[in-house]
Amino acid sequence: MVREKQVSGKEGGRPGYDVLVIGAGPAGMFAAYELAKQPLKVLVVDMGRDIDKRHCPMKEKGYCVHCTPCDIMCGVGGCGTFSDGTLNLRPDIGGDLAALTGDQDRAWELVNCVDRTFLRFGAPEGALLTVGPKIEELKRRAASVGARFIEIKQRHIGSDNAPTVIGNFKKELVKKGVGFLLETEVDDLLVENGTCSGIVLENGEVIRARYVLLAPGRRGCDWVSELVTGHGIDARYGGIDIGVRVEVPAIIMDPITKINRDPKFHIHTRRYDDFVRTFCTNEHGFVVKEEYEGFIATNGHSMTNTESENTNFAFLVHIELTHPMENTTKYARSIAKLASTIGGGKPVLQRMGDLRRGRRSTDDRLARNLVTNTLKDVTPGDISMALPHRIVMDIIEGLETLDRIIPGVASDYTLLYAPEVKFYAMQLRVDRKLETNIKNLFAAGDGAGLSRDIVNAAATGIMAAQGIIEVERERERES
């Protein structure tokens, strides 16, 4: 028999809330920040730990100890907290805010609001702009080989500075009366007669609220899919991105990253006409592991105060599936699990030259390689044994095209880590308020398939909060 959850402590509140926010990533935190402007009782629930307690043991041990839950993926700030910390300040990168809002000007307003909020809590003032002859030259070079360079205003927080910014943010939320229930997993939604009225925790306890915001982040993709099936939430399968993490000498990328810290190049491959893109460039950064249930993946970090001699970036192939196999998340997981099997539970590492020649990389070849891998907990191997042939060919062709824009990026000594997988979950169908077909259930962020980066996730959090406020005011007028 379930009972009401009593939340105690300095960050808690009384039983019964106006709004429950599932997830303490950018979507959840920005939603809470907007909701805190109103006389509403708000509780944020997250399975991870507080920002000052999140710590990956790999920094000391050099290998993954399989923490549950993973401190890199879960906790206050979300999985973006320990990423490069680059804010891409455009509404059409990492999502499509214009489509969600139906208003291009409104989309830009949201991006600017997110930027101002990060600045308030300690993000650096300087930003890389998108104008000038160097930007134009990059666009010309990309166009000359059939690719596209996307100019983006960017702000770099840094993986080492992000926890401070997030910590300041969280303190302000607590000061405004927002409660946090951390290290607590939500098992299910409480849906009664087509209306969401709370959540069910993993121990069976219930917390009730008038509104629930579903914003579990990328880590919650599979769980959201279960909710879709269990409660009949309208949704559709979105695309996925599968590829590798590329690591090259920083000197190769420096001329580009000095112009745009996280350069976005879009390429269509010759053989299959597939869409391939660069993503999450970490200037003088480090390749890291991500721990998922049943498999591992790779990502990149870039610090403000600590540098390596390498630069890394994701190189991703976009995949859309159609009937009868539409479940892109299941497909991506199957690939990632195969890669984890090939790597013995570690990422597979291969030199570009070995991949071209159809041979696996070995410890000896890596020891003699001109580029030294920053992630040590890897298995030298053959990526073509781990990823589908089509994706491998897209990666080779795409990198060779990119090499004509950035000479040296596809040299034999370039390092490729697999897998790099970006899950975007099922895209929940929402209205302009970001309310689902389940009354009083709203959605935001990556876990709901409505965004694919920090800025867009935060913006959807703001939109959902404003939607809740609008519905609440309508309810008050009717009463």
Exercise. Considering only the stretch 131-169, state which residues are open to solvent by 30 Å² or more (accessible area, probe 1.4 Å) and among the hydroxyl-bearing types (Ser, Thr, Tyr).
Key: 144, 164
Quiz prompt | Considering residues of the stretch 430-451 that are surrounded by fewer than 24 Cβ atoms within 10 Å (Cβ to Cβ) and of a type in the set (D, E, K, R) only, the residue farthest from residue 99 (Cα to Cα) | solution = 439
Quiz prompt | Which numbered condition residue 393 misses (of (1) crowded, with 24+ Cβ neighbours inside 10 Å; (2) more than 16 Å from the chain's Cα centre (by Cα)) | solution = (1)
Quiz item: Checking residue 190 against (1) touching a strand residue (DSSP E or B) at 6+ places or on another chain (Cβ under 6 Å); (2) at pLDDT below 95, which test does it fail?
Solution: (2)
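If the requirement is being in a strand (DSSP E or B) and modelled with pLDDT under 95, which of these qualifies: 155, 148, 210, 219?
155
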Quiz item: Tell me, which residue of the stretch 171-203 that is in a strand (DSSP E or B) and hydroxyl-bearing (Ser, Thr, Tyr) is farthest from residue 216 (Cα to Cα)?
Solution: 195
Quiz prompt | Filter result for the condition that a residue is in a helix (DSSP H, G or I), farther than 12 Å from residue 180 by Cβ and at pLDDT 80 or above, over 18, 52 | solution = 52
Quiz item: If we scan the stretch 244-253, do we find a residue that is more than 30 Å from residue 370 (Cα to Cα), open to solvent by less than 30 Å² (accessible area, probe 1.4 Å) and within 26 Å of the chain's Cα centre (by Cα)?
Solution: no
Exercise. Return a yes/no flag: does the stretch 121-139 have any residue that is under 30 Å from residue 209 (Cα atoms) and in a loop (DSSP other than H, G, I, E, B).
Key: yes
Self-check item: Residues satisfying the stated conditions in the stretch 281-308, i.e. at pLDDT 90 or above, within 18 Å of residue 387 (Cα to Cα) and not hydrophobic (A, V, I, L, M, F, W, C)
Solution: 289, 298, 299
Quiz item: Would it be correct to say that residue 384 is touching a helix residue (DSSP H, G or I) at 6+ places or on another chain (Cβ under 8 Å), in a loop (DSSP other than H, G, I, E, B) and among the hydroxyl-bearing types (Ser, Thr, Tyr)?
Solution: no
Quiz item: How do the pairs read when you match residues in the stretch 329-342 that are over 13 Å from residue 420 (Cα atoms) with residues anywhere that are among the β-branched types (Val, Ile, Thr), using Cβ under 6 Å and keeping only pairs 6 or more apart or on different chains?
Solution: 342/348
Self-check item: Restricting the stretch 226-243 to residues that are touching an Asp or Glu at 6+ places or on another chain (Cβ under 9 Å) and not in a strand (DSSP E or B), the residue that is most open to solvent (accessible area, probe 1.4 Å)
Solution: 226
Quiz item: If residue 456 passes every condition in (1) surrounded by fewer than 22 Cβ atoms within 10 Å (Cβ to Cβ); (2) part of a helix (DSSP H, G or I) but one, which one does it miss?
Solution: (1)
Self-check item: Selection count where residues are under 18 Å from the mean Cα position of the chain (by Cα) and assigned to a strand (DSSP E or B), scope the stretch 275-334
Solution: 29
Quiz prompt | Yes/no for residue 402 being open to solvent by less than 10 Å² (accessible area, probe 1.4 Å), under 22 Å from the mean Cα position of the chain (by Cα) and at pLDDT 95 or above | solution = no
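The values are calculated or read from the model by the stated rules, or taken from the named source; none is laboratory data. These numbers were taken from a predicted model, which means no experiment stands behind them. Cβ: placed from backbone, ideal geometry, glycine included. Neighbour counts: every protein chain shown. These area figures cover heavy atoms from the full protein model, side chains too; ligands, DNA and RNA do not enter into them. Shrake-Rupley method; radii C 1.70, N 1.55, O 1.52, S 1.80 Å.
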